[in-house]
Amino acid sequence: MTVEVAGNVIRLRGVCAAEDAETLLSRLQAAPESEIDVTACRHLHGAVVQVLLAFRPNVRGMAEDIFLRDWVIPNLAAPR
Amino acid sequence: MDELLEQFLIEGPEQVQQAGEALLALEGRPGDTALVDQAFRAIHTLKGSVGLFDLPAMGRVLHVAEDLLGAWRDGRRALSRGAMDALIAATGQTERWLGALAATGGDLPADADAVAGDLVSRLSRALDSDAPASAAAQATPVDTAWIEALFRDRDLDPARHPTVTALRYAPDAGCYFRGEDPVALARAVPDLLALRITRRNAAAPVAADAYDPYACDLVIELLSAAAPEAVKGPFRFVPDQIQLLSWSPPPSPSAPAAPPVLAEGPRSLRVEAGRIDALAQLVDELVVAKNALSDLAGQMADGLAPQAAAQILGDRQAALDRLVGRLHRTVMGIRLVPILPLLRRFPRVVRETATALGKEVDLAVDGQDVQVDKAIAEGLFEPLTHLLRNAVDHGIEPAAERAAAGKPARALISLVARREGDHVVIDVADDGRGMDPARIRQAAAARGLLPDRMLDSLADDQVLDLVFRPGFSTAQAVTDLSGRGVGMDAVRAAVGRLGGSVGISSASGQGTTVRLVLPLNLVLTKVMVVAVAEERYGIPMDGIVETARVDPARVRPIRAGRAFVLRDTAVPLLSLAALLGLPEESWTDGEPCRAVVARVGGDLVAVKVDAFVGRRDVVLRPLTGLLSAMPGLLGTTLLGDGHVLMILDVPGLIAAAPGDTAPVGQGAP
């Protein structure tokens, strides 16, 4: 399980693969106000990224992975 | 002339030069964005300056040229050969127009509009039809605004990242089903500078309950400091979904303009302030020396003993001598300019000529650290242009002929200047077909230049020298000839006016070398003063091999001419009086006659004079006005006694002499 839900926080952990996009999507559809915590995330598949981009949940946390932290997460946090 | 125009005429040619150099260099290094920038800046500045004057034709051409370069610089266009040709033609035309402006004081030639129209249409054709920058890019012009925005958003420093590789990846909707992960691909890009991930259609609302996370709608844009090839690597399986280009940030308007990439020598004489200061100091010292003479004059008036006066005068004269010597050297130093900027103008000339003739020719230029008098540098442009055009036109064979001879298709002409003692030697060498002495003989015979027997007696290398004879070359002769010959006499005359000489050598099938030998400076010339028919003339020592006393018994009449044997070589003996059209003394008065032995185009010729008067260092004043077209005269100088001394150009005199008085070469039969 790489998508964990704790209250209104969705934790993305480890390597998030394409399958996780669906889990994430249904969770976001159920609770649009959820926050995303990427602290423990090591990779985000493109499908996951595009869900985050489409629904624009708040994304928080410094990812362990440098590529995600420096290059990908800023895109998700940036205002539209 | 208008001050503004004057300034423009000084700066304009430099900018044309910069643009031209950059364009030519770009042919070898098409990816060098600094060169594109340089060309763009130069053309842009020119266009701005032209706008100050009423020169619509020139303005139009420069405007379109700027557009084309701008499109290229921004990566919207890759430059085709056609576009490059058009740009080089435009710079060449601009240079010619600048020349016309300088000559007329502000008017373009009457055909300027037509010429401009032609150039504008060539340039716009190139602008409309040029292929896009990379094969991976689409056929439509590449939009680079996103690159610029990304570059700016990331606060990248243009100075640190003069060139970046930009990649835009728009994976197709089904990519996830093929197991592709666009983010993983982006992760694999080396030296990432910026990454932006957006939805393909960011403005479209998301259908919250019908959103399909597996229909990929991402667009990934990234900048990398790595080379395009390295950036492209991870995307090798999706080449149809990426745009890749090398991009350079435009120079920021607030930043100081970068210095031009190529060094540019001034064409007007710009002098370091330090040298002027040195001059001023010398003049001060001269004033002191002059005052010392006034003192002396006063003391002599008060009854100074003549012997003491003579000694003091001698001292002061020596001091003045030193000062004048230093002054002279300083001024000469100011007049010396590097020759390289002149030589650098020629790659464009060669390219233009080669393009017009459908040939591929490279010009290698070398002349580092060689300096010549400014007047020489200016006077060399015409003859060198002539020589290079000839080399491209007549020296270099068509591609097919080169291939058949086993030569590389691209011909090479080298233009090399170097210093040898007091002279500057400039070689123009091509690797073309060389000159065929037999055919030059035929042509010379056909033109009636020399009697057949004389032609037969000439050695092959002397035959080559015939191309410098007036009347040798006509268009007809040139097409028949495998050599060259258009206006070579004009080249020799022009170089002669600068106090230099021209020689030619050639190896059949291997190429031709024309060698120009020029004095380092025109300012001070050593001359030998000779007397003939009670007049005095100067002959430059440069051209004199020796002086000789010739026993009349040794002089043999040979048909209409005369010759004598000088150390086993037969040397033709001409009379200076006859060459000058002065009354001639009898030849057979029994006394040894005096002759100056000079080298004319590689051969010895003796010129009989009445007396040697002495040697002088003279300041040679070039002839102006009507006199400047006079063959055989180099210039004049003022002698200490106020007389004007004419300085003769012996080879010129001989060449200009009619008929048999002018045997070619030393080859007396």
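Look at (1) crowded, with 18+ Cβ neighbours inside 10 Å; (2) within 12 Å of chain B (Cβ to nearest Cβ); (3) more than 20 Å from B:Phe177 (Cα to Cα) and you find that A:Asp70 fails only one, number (1). From the list B:Gly395, B:Gly421, B:Gly406, the one residue that fits, being outside the structural domain of B:Arg96 (by TED's automatic domain parsing), without any contact (Cβ under 8 Å) to a residue 24 or more places away in the chain and under 26 Å from B:Gly28 (Cβ atoms), is B:Gly406. Being in contact with a Lys or Arg (Cβ under 6 Å, 6 or more places away or on another chain), hydroxyl-bearing (Ser, Thr, Tyr) and either assigned by TED's automatic domain parsing to the domain that holds B:Arg497 or not in a strand (DSSP E or B) (or both) is the requirement here; does B:Thr385 meet it? So B:Thr385 fails the test. For B:Arg168, the criteria (1) closer than 24 Å to B:Arg73 by Cβ; (2) loosely packed, with under 13 Cβ neighbours inside 10 Å hold in every case but one, which is (2). Residues being more than 17 Å from the chain's Cα centre (by Cα) and either surrounded by fewer than 16 Cβ atoms within 10 Å (Cβ to Cβ) or not in a helix (DSSP H, G or I) (or both) are represented in region B:39-50 by at least one member.
Find the residue count for region B:345-375, including only residues that are assigned to a strand (DSSP E or B) and either of a type in the set (A, V, I, L, M) or more than 15 Å from the chain's Cα centre (by Cα) (or both). Outline the logic, then answer.
The first filter runs over region B:345-375 and keeps only residues assigned to a strand (DSSP E or B), leaving B:361-366, B:371-373.
Of the ones still in play, those that are also either of a type in the set (A, V, I, L, M) or more than 15 Å from the chain's Cα centre (by Cα) (or both) are B:361, B:363-365, B:372.
Qualifying residue count, region B:345-375: 5.
Applying the set (1) facing chain A (nearest Cβ under 10 Å); (2) in contact with a strand residue (DSSP E or B) (Cβ under 9 Å, 6 or more places away or on another chain); (3) small (Gly, Ala, Ser) to B:Ala166 leaves exactly one unmet item: (1). When B:Ile147 is tested against (1) in contact (Cβ under 8 Å) with a residue 60 or more places away in the chain; (2) within 11 Å of chain A (Cβ to nearest Cβ), only condition (2) is not met.
If a residue has to be under 15 Å from B:Leu192 (Cβ atoms) and either small (Gly, Ala, Ser) or not in a helix (DSSP H, G or I) (or both) to count, how many in region A:56-76 make the cut? If you could, list the steps in order and put the result at the bottom.
Within region A:56-76, the subset under 15 Å from B:Leu192 (Cβ atoms) is A:65-75.
The next check asks that each one be either small (Gly, Ala, Ser) or not in a helix (DSSP H, G or I) (or both); those that pass are A:65.
Number of matching residues: 1.
Just the residues that are surrounded by fewer than 17 Cβ atoms within 10 Å (Cβ to Cβ) and at pLDDT 85 or above, please, taken from region B:328-361. The one that is surrounded by fewer than 17 Cβ atoms within 10 Å (Cβ to Cβ) and at pLDDT 85 or above: B:Glu360.
Could you list all residues from region A:49-67 that are on the phi > 0 side of the Ramachandran plot and away from chain B (no Cβ under 12 Å)? Passing the criteria: only A:Gly61. Only residues that are closer than 18 Å to B:Glu382 by Cα, of a type outside the set (D, E, K, R) and modelled with pLDDT of 75 or more were counted across region B:459-500, and they come to 11. Considering region A:1-48 alone, what residues qualify as being away from chain B (no Cβ under 14 Å) and in contact with a helix residue (DSSP H, G or I) (Cβ under 8 Å, 6 or more places away or on another chain)? Those that are away from chain B (no Cβ under 14 Å) and in contact with a helix residue (DSSP H, G or I) (Cβ under 8 Å, 6 or more places away or on another chain): A:Thr2, A:Val5, A:Ile10, A:Ile36. Can you confirm whether B:Asp660 is farther than 19 Å from B:Phe468 by Cα and either surrounded by fewer than 17 Cβ atoms within 10 Å (Cβ to Cβ) or at pLDDT 80 or above (or both)? Criteria not met by B:Asp660. Return the pairs, sorted by first residue and then second, in which the second residue is surrounded by 10 or more Cβ atoms within 10 Å (Cβ to Cβ) and modelled with pLDDT under 70, the first residue lies in region B:203-220 and is more than 7 Å from every other protein chain (Cβ to nearest Cβ), the beta carbons are less than 8 Å apart, and the residues are 6+ apart or on different chains. From residues that are more than 7 Å from every other protein chain (Cβ to nearest Cβ), there are no pairs.
Can we say B:Val605 is touching a helix residue (DSSP H, G or I) at 6+ places or on another chain (Cβ under 7 Å), at pLDDT 80 or above, surrounded by 21 or more Cβ atoms within 10 Å (Cβ to Cβ) and assigned to a strand (DSSP E or B)? Here the answer is yes, as B:Val605 does meet what is asked. Restricting to region B:74-99, give me the number of residues that are among the basic types (Lys, Arg), surrounded by fewer than 21 Cβ atoms within 10 Å (Cβ to Cβ) and touching a residue at least 60 places away in the same chain (Cβ under 8 Å). Matching residues across region B:74-99 total 1.
The values are calculated or read from the model by the stated rules, or taken from the named source; none is laboratory data. Just so we're clear, the structure is a prediction, and the values are computed from it rather than from any experiment. Positions of Cβ are generated from backbone atoms using ideal geometry, with glycine treated the same way; all protein chains shown enter the neighbour counts.
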